[in-house]
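The structure that follows is given in the form of structure tokens.
The values are calculated or read from the model by the stated rules, or taken from the named source; none is laboratory data. Because the structure is a prediction, the values reported are computed rather than measured. Virtual Cβ from ideal backbone geometry, glycine too; neighbours counted across all protein chains shown. Heavy atoms of the whole protein, side chains included, go into the accessibility calculation; ligands, DNA and RNA do not. Shrake-Rupley method; radii C 1.70, N 1.55, O 1.52, S 1.80 Å.
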Amino acid sequence: MAVVVHMQACQRHNYYYHHSAAARAQPEGKICWSCHRSSAPTALLCDNERCRAIQPVGKGVTYFDLLLDDGKPSFDVSAADLRRRFLKLQQTVHPDSFSQKEDVERKLAEAQSSWINHAYATLKDPLSRARYLLKLQGREIDEKDQIADPELLMEIMESREEIEMAKTESQVADIRLRNEQKVAGVVERLSQAFASGDLTRARDLTHHLQYLRRISQTVHGWEPSDA
């Protein structure tokens with residue numbers, strides 16, 4: 001029975017990655033604006049060793065294509081590897097390195113650097129990474145979406161009431177700790193949902209994580225009442 005369950009999970013996992021790649025447009029190769037030679041979609045600099053002019057962001061290239069070694073969309077990423085890759089890419093395109101170049105290269109460096117910064121900020125955070133994965137699958141989440149789950153609605157209302165009623169730093173610290181534990185649990189279930197290809201479940205959990213993040217922000221901004 002365990003073998004069957006494992007095989008079914010693997011099939012869902014393979015289905016997810018197969019359709020993840022098919023659901024979005026494949027990255028297009030680049031033609032260098034300077035030497036007119038072709039380069040890979042993810043190339044930051046022209047592949048022609050005699051040129052090496054900085055290139056624009058490739059059409060259809062995702063954050064995963066550039067920041068993960070294998071380029072595969074995944075909720076489970078190594079923070080250390082992500083950071084290492086980010087720093088390497090930024091070193092290549094940092095605008096300061098192109099300050100003495102012509103205007104077109106300075107502008108391309110600024111665009112590439114900004115894109116890479118945004119890509120890193122998106123993938124290093126579990127919530128924005130989940131939202132981005134869902135967006136790639138055509139399951140984008142609107143921040144204005146209403147809570148449909150009555151249990152989640154009750155949980156959020158109770159947490160907000162607790163924060164409003166809190167009188168001391170220790171009470172708020174307790175709320176913060178419990179919320180962090182809830183976040184960790186949701187992130188773990190999100191990993192399982194994405195790995196199994198259950199996008200409906202992943203979308204629901206992303207909604208949950210989104211509201212827990214708001215609770216965290218409210219806790220962070222808590223100040224003792226003067227009353």
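Putting +1 on Lys and Arg Cβ atoms and -1 on Asp and Glu Cβ atoms, find which of Pro41, Val186, Leu152 reaches farthest to the positive end of the dipole of the chain.
After comparing all options, I get Pro41.
How large a share of the accessible area of the chain, in percent, is made up of carbon and sulfur atoms when the probe is 1.4 Å and the other protein chains stay in place?
50 percent
Can you tell me the Rg and the Dmax, both Å, for the Cα atoms in segment 124-227?
Rg then Dmax for segment 124-227, in Å: 15.0, 51.
Here is a follow-up. So how strong a dipole does the chain carry about its Cα centre when Lys and Arg Cβ are +1 and Asp and Glu Cβ are -1, to the nearest 20 debye?
1020 debye
Give the ranking of His94, His207, His36 by solvent-accessible surface, highest area first, calculated with a 1.4 Å probe.
Sorted descending by solvent-accessible area, the residues read His36, His94, His207.
Once label points are set 7 Å from the Cα along Cα→Cβ at both Lys107 and Met157, what is their separation, rounded to one decimal in nm?
The two pseudo-label positions are separated by 5.4 nm.
Still on this structure: If a helix is a whole DSSP H run, which ones in the chain reach 27 Å or further along their own axis (Cα) and hold a mean Kyte-Doolittle hydropathy of at least -1.0?
Helix filter hits for the chain: 2-23, 103-124, 169-196, 199-220.
May I ask you to give the solvent-accessible area per residue for the chain, in square angstrom, as obtained with a 1.4 angstrom probe? Display every interim value, and only then the final one.
Details: 13800 Å² over 227 residues.
Per-residue accessible area for the chain comes out at 61 Å².
Go ahead and set up a Gaussian network model of the chain, Cα springs under 10 Å, then flag whichever of Leu68, Leu44, Leu153 fluctuates most.
So, out of Leu68, Leu44, Leu153, the one fluctuating most is Leu153.
Most mobile of Thr92, Thr168, Thr122 per a Gaussian network model of the chain (Cα springs, under 10 Å)?
Thr168
Which trypsin sites (Lys or Arg not before Pro) in segment 21-106 pass both tests, a DSSP loop state and at most 11 other beta-carbon atoms within 10 Å?
In loop regions of segment 21-106 (DSSP not H, G, I, E or B), the sparsely surrounded trypsin sites (Lys or Arg not before Pro) are Arg50.
Say each of Asp125 and Trp33 gets a label point 7 Å from the Cα, pointing the same way as Cα to Cβ; how far apart are those two points in nm?
3.0 nm
Show that you can apply the helix-only estimate: for the chain, add -39,500 (n - 2.57) for every DSSP H stretch of four or more residues, divide by all residues, and state [θ] at 222 nm to the nearest 500.
Dividing the helical sum by the residues of the chain leaves -21000 deg cm²/dmol.
Taking 7 Å along the Cα-to-C-beta vector as the label spot, tell me the His94-Thr168 distance in nanometres, rounded to one decimal.
Label at His94, label at Thr168, 4.9 nm between them.
Once Lys and Arg get +1 and Asp and Glu get -1 on their Cβ, which of Tyr120, Ser97, Ser225 lies farthest toward the positive end of the dipole of the chain?
Of the options given, the answer is Ser97.
Next up: Identify which of Asn179, Asn48, Asn117 has the largest mean-square fluctuation in a Gaussian network model of the chain, with springs joining Cα atoms closer than 10 Å.
Looking only at Asn179, Asn48, Asn117, the largest GNM fluctuation is found for Asn48.
Then there is this: How large is the Kirkwood hydrodynamic radius of the chain, in angstrom, based on all distinct alpha carbon pairs?
Computed over Cα pairs of the chain, the Kirkwood hydrodynamic radius comes out at 20.4 Å.
Sticking with this structure for a sec: For segment 59-180, count all C-alpha to C-alpha pairs, find those more than 26 Å apart, and express that count as a whole percent of the total.
For segment 59-180, the share of Cα pairs beyond 26 Å comes to 47 percent.
Which lysines, on any chain, are close to Lys101 with Cα under 28 Å apart, when same-chain ones fewer than 8 places away are left out?
Of all the lysines, those that pass the test against Lys101 - Cα under 28 Å, at least 8 places apart if same chain - are Lys30, Lys59, Lys88.
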